[in-house]
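K.L.:
Take a look at the following structure, please.
The values are calculated or read from the model by the stated rules, or taken from the named source; none is laboratory data. Bear in mind the structure is a predicted one, so any value in this text is a computation, not a measurement. Neighbour counts are summed over all protein chains in view; Cβ atoms, including those assigned to glycine, are modelled from backbone coordinates with ideal geometry. Ligands, DNA and RNA are excluded from the accessible area calculation, which covers all protein heavy atoms including side chains. Shrake-Rupley method; radii C 1.70, N 1.55, O 1.52, S 1.80 Å.
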Amino acid sequence: MVRKKQGNDKALTAKRRLVAHTNPKLPIAEQYRTVRSNIQFSNLDEDIRSLVMTSSGPGEGKSTTAANLAIVYAQQGKRVLLIDADLRKPTAHFSFRLENYVGFTNVLTRKAKLLDAVHETNIPNLSVLTSGPIPPNPSELLASKNMDALLDEMYETFDFILFDTPPTLAVTDAQVLANKVEATILVISSGKTEREAAQKAKELLLNAKARLLGVILNNRKIEDGGHYYYYYYGTN
């Protein structure tokens, strides 16, 4: 009985994380769509097709934000690939209730083909590439020529590619990927992220030649005292 309850709790938590799919009429889901619109309007000449989502530190909501942003892009009819590039503490397989035996690391090391490792979800147009086995050298894998070739292959199949990466201040993974993709967004948590940490994360990303579009302010309550989190997107 306990195991069943734990399983139900995990399923409920995962469902809440994907609010843009499970409750698309809630204000928070609309905020994700606003983020999507702001990203699209940030470049009027051509669509941004690849994006890194990172944060300064852990527990600031970047993975939940990445998952829901991927969902609202898919709802727009785009072929979306969400990649769990947090090769140290992956979470996408939990959020989408997927197996994680084969994933991103297997493809990077050429032990699996991209389309064989990708999971189709129950959300139309949305595919997920889970992390796969945790490697001893994540940064080196992400900086490899195999990563460049893999990104080119992804562009051939998908309209929008979103990388959920580790916190910027913890490891260099986000900086490495930010240098390879078209744009980057930094997630910070209201009342948790220290100003100095956010500024340092921004500096590290810019030093890596990332195109930093802006910041999402997470976990800020709306004015009327409601319980929904508020997401804000702002350009630099």
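K.L.:
In the range 133-145, how many are closer than 24 Å to residue 49 by Cα and over 21 Å from the mean Cα position of the chain (by Cα)?
P.N.:
Of the range 133-145, the ones closer than 24 Å to residue 49 by Cα are 138-145.
Okay, now just the ones that are also over 21 Å from the mean Cα position of the chain (by Cα), so 145.
The number of residues fulfilling the criteria is 1.
K.L.:
For the range 166-192: of the residues being among the hydroxyl-bearing types (Ser, Thr, Tyr) and assigned to a loop (DSSP other than H, G, I, E, B), which is most open to solvent (accessible area, probe 1.4 Å)?
P.N.:
So the residue we want is 172.
K.L.:
Return the pair list, or none, for Cβ contacts closer than 7 Å from residues in the range 171-186 that are more than 22 Å from residue 38 (Cα to Cα) to residues that are small (Gly, Ala, Ser) and open to solvent by 30 Å² or more (accessible area, probe 1.4 Å), at least 6 apart or on different chains.
P.N.:
176/143
K.L.:
Suppose we filter 163, 158 for residues that are in contact with a Leu (Cβ under 6 Å, 6 or more places away or on another chain), buried (at least 16 other Cβ atoms within 10 Å of the Cβ), among the aromatic types (Phe, Trp, Tyr) and under 20 Å from residue 210 (Cβ atoms); which single one remains? Steps first, answer last, please.
P.N.:
Working: 158 fails: under 20 Å from residue 210 (Cβ atoms).
Every option except 163 fails the conditions.
K.L.:
Working carefully through the options 161, 123, find the one that is touching a His at 6+ places or on another chain (Cβ under 6 Å), at pLDDT 95 or above and over 13 Å from residue 54 (Cβ atoms).
P.N.:
On the way: 161 fails: touching a His at 6+ places or on another chain (Cβ under 6 Å).
Only one candidate passes the filter, namely 123.
K.L.:
Would you kindly identify the helices (runs of 4 or more DSSP H) lying entirely within the range 67-122 that contain at least 2 residues that are open to solvent by 20 Å² or more (accessible area, probe 1.4 Å)?
P.N.:
On the way: elements: 92-95, 104-108, 114-117.
Filter on the range 67-122 gives 92-95, 114-117.
K.L.:
Among the residues of the range 43-66, write down those that are in a loop (DSSP other than H, G, I, E, B) and open to solvent by 40 Å² or more (accessible area, probe 1.4 Å). Reasoning before the result, please.
P.N.:
Filtering the range 43-66 down to residues in a loop (DSSP other than H, G, I, E, B) leaves 43-49, 56-61.
Passing the criteria: 44, 45, 46, 47, 49, 58, 59.
K.L.:
Which numbered condition in (1) out of contact with any strand residue (DSSP E or B) (no Cβ under 6 Å at 6 or more places or on another chain); (2) closer than 28 Å to residue 75 by Cβ; (3) of a type in the set (A, V, I, L, M, F, W, C) is the only one that residue 129 fails?
P.N.:
Of everything listed in (1) out of contact with any strand residue (DSSP E or B) (no Cβ under 6 Å at 6 or more places or on another chain); (2) closer than 28 Å to residue 75 by Cβ; (3) of a type in the set (A, V, I, L, M, F, W, C), residue 129 misses just condition (1).
K.L.:
Hey, among the residues in the range 101-126 that are without any contact (Cβ under 8 Å) to a residue 24 or more places away in the chain and of a type in the set (Lys, Arg), which one's nearest to residue 144 (Cα to Cα)?
P.N.:
Going residue by residue through the range 101-126, those that are without any contact (Cβ under 8 Å) to a residue 24 or more places away in the chain are 111-113, 116-117, 119-120, 122.
Still in the list and also of a type in the set (Lys, Arg): 111, 113.
Working: 111: 15, 113: 17 Å.
That would be 111.
One line per residue, one yes/no per condition, for (1) of a type outside the set (Gly, Ala, Ser); (2) within 30 Å of residue 143 (Cα to Cα); (3) in a helix (DSSP H, G or I); (4) at pLDDT 90 or above:
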residue: 199; (1), (2), (3), (4): yes, yes, yes, yes
residue: 215; (1), (2), (3), (4): yes, yes, no, yes
residue: 230; (1), (2), (3), (4): yes, no, no, no
residue: 234; (1), (2), (3), (4): no, yes, no, no
